[in-house]
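The values are calculated or read from the model by the stated rules, or taken from the named source; none is laboratory data. All values derive from a computational prediction rather than experimental measurement. Cβ placement follows ideal geometry from the backbone for every residue including glycine, while neighbour counts extend to all protein chains displayed.
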């Protein structure tokens with residue numbers, strides 16, 4: 001799993017926690033209990049969730065998804081068991 005995906009998951013979970021804090025059931029002394037203040041906190045949580053999901057979905061899945069423009073063919077030097085790959089040539093189609 002890529003670091004972008006992990007960061008996306010962490011941000012989304014943080015957004016859920018912010019929405020839970022804006023819930024009127026949870027009473028925190030530092031949080032303004034006015035409806036407008038709670039709305040701003042809830043909207044911040046929704047934005048954090050959206051950003052987290054976007055990061056998790058756009059994160060690179062694996063290196064095997066990289067496509068080669070052309071297949072590479074090895075160029076050998078020597079014969080038999082003593083041959084070595086000295087370079088690669090792109091195969092033309």
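Of all positions in segment 29-43, none carries a residue that is at pLDDT 85 or above and surrounded by fewer than 13 Cβ atoms within 10 Å (Cβ to Cβ).
Can you say whether residue 66 is under 30 Å from residue 90 (Cβ atoms), at pLDDT below 90 and surrounded by fewer than 13 Cβ atoms within 10 Å (Cβ to Cβ), as far as the supplied structure shows?
Judged against the criteria, residue 66 is a match.
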